[in-house]
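Notes for the one structure printed next.
The values are calculated or read from the model by the stated rules, or taken from the named source; none is laboratory data. Remember, predicted model here, so these are calculated numbers, not experimental data. As a convention, Cβ positions derive from the backbone with ideal geometry for all residues, glycine included, and neighbour counts pool all protein chains shown. These accessible areas exclude ligands, DNA and RNA; they are computed on the full protein's heavy atoms, side chains included. Shrake-Rupley method; radii C 1.70, N 1.55, O 1.52, S 1.80 Å.
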Amino acid sequence: MLELRHRGGRPGPGGAGAPPPREGEAAGGDHETESTSDKETDIDDRYGDLDSRTDSDIPEIPPSLDRTPEILKKALSGLSSRWKNWWIRGILTLTMISLFFLIIYMGSFMLMLLVLSIQVKCFHEIITIGYRVYRSYDLPWFRTLSWYFLLCVNYFFYGETVADYFATFVQREEQLQFLIRYHRFISFALYLAGFCMFVLSLVKKHYRLQFYMFAWTHVTLLITVTQSHLVIQNLFEGMIWFLVPISSVICNDITAYLFGFFFGRTPLIKLSPKKTWEGFVGGFFSTVVFGFTAAYVLSKYQYFVCPVEYRSDVNSFVTECEPSELFRLQSYSLPPFLKAMLRRETVSLYPFQIHSIALSTFASLIGPFGGFFASGFKRAFKIKDFANTIPGHGGIMDRFDCQYLMATFVHVYITSFIRGPNPSKVLQQLLVLQPEQQLNIYKTLKTHLIEKGILQPTLKRRNIHACVHAAGAHRVMTDTRKYRVGYVHH
């Protein structure tokens, strides 16, 4: 296997590491040494053969360093590696769950910052793998361009969010009004600038490698930025749409691991040899029960069920509303076999609990395929974990590989089966219009409501209608009297 080193070039012509000459070339290649600088030649030598590599030629990435705290290492030194890893994963899992509860208590804005932080870290982990695999550290401008594209895409998506949910705040700031009005044009212009910089950075004989990394960057953006934007969109629908799906994935991950650890015997899929059917089935039933119970508990509180809205008068996010029908107890008739078993005719449930079954089912049956996809990705590039950020767990992406798939499903589910027109969002859009446009909409809506009988005409209008009606009746009576008088006289 051709071993490409990060620094120092490769052996000279005729050395053990030198690749065979390509068809139609001389043994020394066609580097045009007379017109090419030494630096360009060195880069050409290192990257010129990457285009012809196969999967077996991909260099193995050195294993990540163990970041387990020393206090844990000493406390668990007497255990086998299997149980040591079990305890490390368990302790770190409880620590992360505790921090997650603390962030939930701090409010929706902190949850948004958490999602943004996770997105940036996941992007960093995936893009770093690309740098290591393709040995692209020395490609001109590419690390800078990768992060520039991340900023551009975030600017576009989060600018759309600001325009949708912070319209009342934007109205008070003239600079923000300009940015929001031309937001998409500015976003497109920023992306075009990065695109042009990429084209200008192309280096002779390394075009394919540079396009590899260009595609790698854009797929990474699709996985991380787009999905994290959907997570925040779900959060604005109500914190319960954020918490139940995410906690269902976490529950499935934990319970599937526990069932597989203690009872696993039958391998589930070759991509993940440690995954078992026992863990998969046990995780499914545990997740459905957990999601159903969590939905019942959270549906009782406005803090979790009300849409997250920005109030300009208090300059903060608020979660106060009259709960919708989804979060009000309803009576449901039980099927015959359950009636005999429970000795009850009906049961009181929140409608959201029924939706939670669909969310939990997806989290436990389809969600793990996000993890299988990540396992295949890691196997393709000969790595154990995306990073070593969390001891016993790997990188942040190792823990959130299923969450991104879940976020897309929840967003599609809400738009397909739950959400109708959002009055507050419509109102915010109306407030951005010009005064004459707002007045026209007001008159049109008022006329429509009067015609449907929902709104009664104003007193002034009723008096006008009454006067017109009375004047018409008087004219008819006068004309009739004149006709009669004329007839008698005749």
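With the crude spin-label approximation of a point 7 Å out along Cα→Cβ, what separation in nm comes out for K300 versus V426?
According to this spin-label approximation, the distance is 3.4 nm.
Run the simple label-point estimate for K382 and K270 please: 7 Å along Cα→C-beta, distance reported in nm.
2.0 nm
For R343 and W277, compute 0.36 nm times the residue count separating them, minus their Cα-Cα distance, and round to one decimal in nm.
Gain on stretching R343 to W277: 20.3 nm.
Heavy-atom accessible area per residue, the range 137-244, 1.4 Å probe: how many Å²?
Numbers: 5250 Å² over 108 residues.
Heavy-atom accessible area per residue stands at 49 Å².
Grab the Cα-Cα distance for Q175 and W87, subtract it from 0.36 nm times how many residues apart they are, and report the gain in nm with one decimal.
Numbers: separation 88, 0.36 × 88 = 31.68 nm, distance 5.31 nm.
Going from the current span to full extension adds 26.4 nm.
In nm, to one decimal, how far is the modelled label at E436 from the one at C321, with both set 7 Å along Cα→Cβ?
Computed distance between label sites E436 and C321 equals 3.6 nm.
With a 1.4 Å probe and all protein chains kept in place, how much accessible area does C402 have, in Å² rounded to the nearest 10?
Roughly 20 Å² of C402 is accessible to a 1.4 Å probe.
Grab the Cα-Cα distance for F369 and M106, subtract it from 0.36 nm times how many residues apart they are, and report the gain in nm with one decimal. Before the final figure, lay out each step's value.
Numbers: separation 263, 0.36 × 263 = 94.68 nm, distance 3.21 nm.
Between F369 and M106, full extension yields 91.5 nm more.
Going down the table (K274/K384; K121/K270; K275/K384; K84/K121), which pairs top 19 Å between alpha carbons? Please list the in-between numbers first.
Numbers: K274/K384 13 Å; K121/K270 28 Å; K275/K384 15 Å; K84/K121 27 Å.
Flagged as over cut-off: K121/K270; K84/K121.
Specify whether the C-alpha gyration tensor of the range 223-370 places it in the rounded, prolate or oblate class, a ≥ b ≥ c being the square roots of the eigenvalues: rounded for a/c under 1.5, otherwise prolate if a/b is larger than b/c and oblate if not. Each step should come with its number before you reach the end.
Numbers: a/c = 3.09, a/b = 1.24, b/c = 2.50.
In terms of gyration-tensor shape, oblate.
What whole-number value in Å² describes the accessible area per residue of the range 283-358 for a 1.4 Å probe? Walk me through the intermediate numbers first.
On the way: 4640 Å² over 76 residues.
Spelled out: the 1.4 Å probe surface of the range 283-358, per residue, equals 61 Å².
Could I get the Rg over Rh figure for the range 79-204? Both from C-alpha atoms, Rh via Kirkwood, rounded to two places.
On the way: Rg = 20.6 Å, Rh = 18.4 Å.
Result for the range 79-204 is an Rg/Rh of 1.12.
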